[in-house]
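Contents: one structure, followed by commentary.
Bear in mind that the values in this text are calculations on the coordinates, not laboratory data. What you see is a predicted model; the values in this text were computed from it and never measured. So basically every Cβ, Gly included, is an ideal-geometry build from the backbone, and we count neighbours across all protein chains shown.
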Amino acid sequence: MTEHSITQEYDLDLAVRAVALDCALKKTPTIRRNIFVGMMFVNLLFLFSLHRPDGVLENSVMLGVATLVAYLLAWPPKRFEAFGLKPQIKARQEQLGSEEGTTTYYFEQVGMVVESDFLGGSIPWEKLHGWHDAADLLLIYRAPRVFYYLDKKQIDAAILSDIKDWLVASSGKQI
């Protein structure tokens, strides 16, 4: 296998999709369950503090609404997973002075090299933290909260296959 290089222009929407995917990967079922149980506990405490013996119907409606709110906070619909991320990412990029530019990734059998207008470095495959292969994005984790993202639509299928082979052979875990 040979070296491959991929150059990618910065795209805010692509960054938002990558961060939303990362957040969804970090929200494990256990965390979601704990959010739900915690919200239900708070809701029940609130409901019983307002308890009126003659208000059974109102209490039942309040409990139903509280359960729905707790469920939506723990398992938001997919379209809301990225809610609020775009302004946060845009503000952060403006603060760092990195709201535009290109990133070039060089992949080879021993690792990858990243060159960008803002941040770069080399990562040998044995030091890779992990990677995730989604439908349209490939996330490559340098550390638990530091990752690079590649738009798979912009990568030739043969190159993508080589990169995946190197990722699978690496010491990084598939997330």
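Provide the per-residue ³J(HN,Hα) series for region 115-125, in order, calculated from phi with Karplus coefficients 6.51, -1.76, 1.60 and θ = phi - 60°, each as a whole number of Hz, with x at glycine and proline positions.
With coefficients 6.51, -1.76 and 1.60, one gets 10, 9, 5, 10, 8, x, x, 10, 10, x, 4 Hz.
Would you please give the residues with an amide H less than 5 Å from that of Gly101, counting only those at least 5 places away or on a separate chain, with H modeled from the backbone geometry?
Correct list: Tyr10.
Short version: ³J(HN,Hα) in whole Hz for each residue of region 13-18, in order, from phi by Karplus 6.51 cos²θ - 1.76 cosθ + 1.60 (θ = phi - 60°), x for Gly and Pro, what are they?
Working through the residues one at a time gives 5, 5, 4, 5, 4, 5 Hz.
At 0.36 nm per residue, minus the direct Cα-Cα distance, what do Leu44 and Thr104 gain on full extension? Give it in nm, one decimal, please.
Stretched fully, the Leu44-Thr104 segment lengthens by 16.3 nm.
What list do you get for Arg142, Arg92 if you sort them by fewest beta carbons within 10 Å?
Lowest to highest Cβ neighbour count: Arg92, Arg142.
In the structure displayed, which of Lys26/Lys90; Lys90/Lys164; Lys127/Lys153 lie more than 24 Å apart, Cα to Cα?
The pairs that break the limit, which is 24 Å between Cα atoms, are Lys90/Lys164; Lys127/Lys153.
Which one, (1) 140, 20, 8; (2) 44, 18, 13; (3) 33, 19, 13, gives semi-axes √(5λ) of the Cα gyration tensor in Å as derived from the coordinates shown?
(2)
Out of residues 5 or more away from Phe147 or on other chains, whose amide H comes under 5 Å of its own, with H placed 1.01 Å from N in the peptide plane?
Arg142
Starting at the first residue of region 143-158, write each ³J(HN,Hα) from the Karplus equation 6.51 cos²θ - 1.76 cosθ + 1.60 with θ = phi - 60°, in whole Hz, x for Gly and Pro.
8, x, 10, 10, 9, 10, 10, 10, 7, 5, 5, 8, 10, 4, 4, 5
For Leu137, what residues show an amide H to amide H distance below 5 Å, using hydrogens built from the backbone and excluding near sequence neighbours?
For Leu137, the qualifying residues are Lys152.
Expressed as a whole number of Å, what is the distance separating the alpha-carbon centroids of region 142-175 and region 84-100?
Value for the Cα centre distance between the two parts: 24 Å.
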